[in-house]
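Since the structure comes first, as structure tokens, the remarks are kept for the end.
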Amino acid sequence: MLRTPGMLDLDPPFRPVRRREDYPALEDLGLIGDGATAALVGADGCIPWLCLPRFDSDPVLCGLLDHAHGGHFTMTLDDLREARQFYEPDTAVLVTELRGPTGVVRITDALALRAGADLSDDAGADRSELVRSAVVQAGTVRLRVELEPRGGGQARLLGSGLEVRASRRPDLRLHLRSSRPLTALRTVHDLQEGDRLDLVLSWGRIHRHHRFDPEAILRHTGEAWRRWMGKCGYDGPQEALVRRSVITLKLCDDWVNGSLVAAPTSSLPAPIGGVRNWDYRYTWIRDAAYGVFALRRVGFEEEADAFLGWVLDAFEQTGHPRIMYTVRGDPVPEEVHDADLAGYRRSAPVRWGNGAADQRQHDVYGEVLDCADQWLLPGRELQPALWSGLSELAENAARAWRHPDQGIWEVRSEGRVFTYSAGMCQVALDRAAAIGERLGLAGPIAAWRATADRLRDLILERSWSEEAQCLSEHLDGGGGLDASLLALPLRKVVPAGHPRMVATSAAIAERLSAGDGLLYRYLHERSPDGLPGDEGAFLLCSFWLADNLTLQGHLDRAEDLYASLCARANPVGLLPEQIDPSTGTFMGNFPQAFSHIGIIASGVNLARARARLQGSSTGHLPWGA
């Protein structure tokens with residue numbers, strides 16, 4: 001079976017740069033960001049993705065979705081032979097080294113942060129600047145520089161650089177400064193060992209009269225990241241990759257609002273040539289909830305609290321919970337197709353906005369109330385108006401579990417009564433009862449507790465399929481097998497060790513297997529979702545399986561599975577949403593927050609389980625167990 005090179009490598013070797021049908025391999029991309037937006041940087045020195053000024057803004061550079069017309073910001077060698085990429089330790093400062101026949105150049109990229117920035121604050125730390133710094137490490141090189149916004153752009157000399165007008169974004173004021181003379185948006189520079197070329201692309205406020213010191217900006221940016229990572233309290237398997245995943249989640253976070261985008265990209269297909277191309281540059285309530293669990297457990301309380309606060313703010317503003325919002329908490333735009341872009345590897349359509357935004361998904365009740373429960377645990381004050389809204393959600397959940405919805409996978413077919421959705425309604429009732437019991441609040445607390453307990457029993461009874469000998473995707477015991485059932489023990493709906501849950505996890509591992517530890521979410525022939533074609537293996541589901549194995553006491557199997565999943569990360573430690581089981585190549589939007597949540601959460605679960613096992617053998621129980 002063909003496998004693509006993978007696994008985080010802190011000191012990777014040089015290797016040829018891969019392109020597939022004129023597009024970069026997703027495995028050859030690194031991510032940089034500043035808490036307002038993010039960019040992807042290719043191993044060839046090309047930046048083919050950047051939305052300005054925010055994650056969900058129209059892209060200025062989107063060559064990733066159309067290599068000929070999407071736009072790019074390139075620093076590369078015309079005679080590039082091979083390259084390598086790595087991050088400066090514990091930062092989002094990315095280094096790309098390019099080797100040609102006569103020399104090697106190192107390019108350092110970062111979306112710049114303010115000097116002294118505290119990344120734990122719920123405040124902006126960005127400078128609205130992209131810094132690209134090239135230094136020749138050996139020999140001589142001819143470095144080609146091209147800045148081409150989507151739709152083209154015009155440049156004129158202004159101060160120490162170029163004022164750039166992007167044809168499709170007249171609202172943006174761009175300025176490109178350089179340590180060497182620039183006369184156009186395309187230039188060539190002959191450099192020798194020790195020479196450097198610094199470029200700074202600015203938007204928003206223009207810095208043309210400010211001191212030009214890219215080295216200091218990069219240093220301050222790295223220092224800010226390292227200070228923030230000093231809080232990371234993880235001590236467990238795959239420590240380097242877990243730390244990298246923490247940074248990746250932070251790069252998907254809007255630092256001002258506290259929201260978390262599912263991925264910083266749109267319309268990367270799963271699979272190539274299919275139509276399952278979605279815009280993930282928005283915040284799903286469930287993603288925020290899972291992100292909270294992951295970050296809180298490795299020491300990042302402020303980020304977790306910011307996510308929780310954002311969820312509750314968004315809920316209060318709209319009066320009813322939506323499944324997703326923009327990073328600012330507004331409704332997600334209607335889904336539109338962009339016919340001017342060919343799509344990644346010619347996989348159309350390219351979509352902006354998301355048509356699932358107005359779907360009925362009952363799990364949102366449990367997500368909001370679970371977030372509220374966590375937010376209140378440190379002893380925060382609960383305002384009467386918020387308690388009134390949360391109580392209404394609990395009442396809605398008590399009714400909704402009986403009715404069809406589109407489910408966690410957002411099927412675009414007729415709704416069904418999904419077991420996972422009913423399980424999250426149980427979570428809503430359980431957490432509402434817990435809040436009321438803990439704080440002595442008024443409301444039908446006892447009724448919620450009784451309904452939660454009854455619903456737990458009902459899920460184990462009614463969704464059980466005697467024929468399949470496992471729980472099924474539908475609450476009536478019909479339909480196919482669904483990997484989302486693995487999440488039920490993780491949300492404390494049913495015990496992981498219950499015989500029916502043990503049988504279900506084993507059935508999923510066998511019947512939804514895509515090979516080598518990978519899992520499909522469901523089988524399309526048994527569980528139609530209203531869309532044509534198949535898809536790849538969904539990484540988060542395999543992390544859920546590892547968690548179930550851990551909870552069931554199968555630590556060796558869980559550790560082996562976890563290690564195999566971590567080995568699929570690219571050399572800079574990033575994972576997509578899905579994997580092509582036949583080739584190991586990346587599929588879907590990239591990098592995917594859910595996959596990195598899986599790395600963190602499963603690592604913590606394994607570390608704690610192993611520590612408890614060792615503590616029980618010595619009479620001491622570490623980790624506060």
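Some values worked out for this structure:
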read-out: Whole-Å distance, taken between Cα centres, linking the range 113-189 and the range 438-462; value: 57 Å
read-out: Using a Förster distance of 41 Å, the FRET efficiency for Q614-A503 (Cβ separation, nearest 0.05); value: 0.90
read-out: The range 189-196 - phi-based ³J(HN,Hα) in whole Hz, Karplus 6.51/-1.76/1.60, Gly and Pro as x; value: 10, 8, 10, 10, 3, x, 5, 9
read-out: With DNA, RNA and ligands ignored, accessible area of Y520 (1.4 Å probe; Å², nearest 10); value: 60 Å²
read-out: Loop-located trypsin sites (Lys or Arg not before Pro) in the range 351-443 whose Cβ has at most 14 other Cβ within 10 Å (DSSP); value: R360, R380, R402, R412
read-out: Long-range tail of P(r) for the range 483-601 (Cα pairs > 25 Å, %); value: 20 percent
read-out: Kirkwood Rh in Å, taken over all unlike Cα pairs in the range 130-246; value: 16.7 Å
read-out: Heavy atoms of T76 accessible to a 1.4 Å probe, total area in Å² rounded to 10; value: 10 Å²
read-out: Where the chain is the region considered: accessible area per residue in Å², 1.4 Å probe; value: 36 Å²
read-out: Rounded to whole Hz, the Karplus (6.51, -1.76, 1.60) HN-Hα couplings of the range 589-595, x for glycine and proline; value: 4, 8, x, 9, 4, 4, 5
read-out: Percent carbon-and-sulfur accessible area, the chain, ignoring ligands, DNA and RNA, probe 1.4 Å; value: 49 percent
read-out: Fraction in percent of alpha-carbon pairs per bin - 5 Å, the range 236-302; value: 4, 15, 23, 21, 16, 12, 8, 2, 0
read-out: Inter-centroid distance (Cα atoms) of the range 48-76 relative to the range 282-358, Å; value: 21 Å
read-out: Estimated dipole of the chain in Debye, rounded to 20 [Cβ of Lys and Arg +1, of Asp and Glu -1, Cα centre]; value: 880 debye
read-out: Net charge over other residues, Cβ less than 11 angstrom from the Cβ of R150 (K, R count +1; D, E count -1); value: -3
read-out: Extension gain (nm, one decimal) between R106 and A123, 0.36 nm per residue minus Cα-Cα; value: 2.9 nm
read-out: Linear extension gain, A138 paired with E466, 0.36 nm per residue minus alpha-carbon span; value: 111.3 nm
read-out: Accessible area, probe 1.4 Å, largest first, for residues H403, H175; value: H403, H175
read-out: Net lengthening on full extension, S582/R196 (0.36 nm per residue, minus Cα-Cα); value: 134.7 nm
read-out: Förster radius 22 Å - calculated FRET efficiency between A447 and L386 (Cβ-Cβ, nearest 0.05); value: 0.60
read-out: Per-bin percent of Cα-Cα distances, the range 519-588 [10 Å]; value: 19, 43, 30, 8
read-out: Angle between the chain longest axis and helix 499-511 axis [Cα atoms, degrees, rounded to 10]; value: 40 degrees
read-out: Residue-wise HN-Hα coupling along the range 269-277, computed from phi with Karplus coefficients 6.51, -1.76, 1.60 (Hz; x: Gly, Pro); value: x, 9, x, 4, x, x, 10, 7, 10
read-out: Rg/Rg_globular for the chain, with Rg_globular taken as 2.2 N^0.38 Å and Rg from C-alpha atoms; value: 0.97
read-out: Largest to smallest principal axis extent of the C-alpha atoms in the range 10-58, angstrom; value: 34, 29, 14
read-out: Percent of Cα-Cα distances greater than 16 Å, calculated over the range 353-448; value: 54 percent
read-out: Size of the range 74-166 as Cα extents on the principal axes (Å, biggest first); value: 47, 38, 25
read-out: Net dipole in debye of the range 149-299 [+1 Lys, Arg Cβ; -1 Asp, Glu Cβ; about Cα centre; nearest 20]; value: 420 debye
read-out: Cα-projected label distance for D330 with V188, points at 7 Å along beta-carbon direction, nm; value: 4.5 nm
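The values are calculated or read from the model by the stated rules, or taken from the named source; none is laboratory data. On a predicted model such as this, the values are computed, not experimentally measured, just so you know. Every residue, glycine as well, gets a Cβ built from its backbone with ideal geometry; the counts of neighbours run over all protein chains shown. Keep in mind that these areas ignore ligands, DNA and RNA; they rest on the heavy atoms of the full protein, side chains included. Shrake-Rupley method; radii C 1.70, N 1.55, O 1.52, S 1.80 Å.
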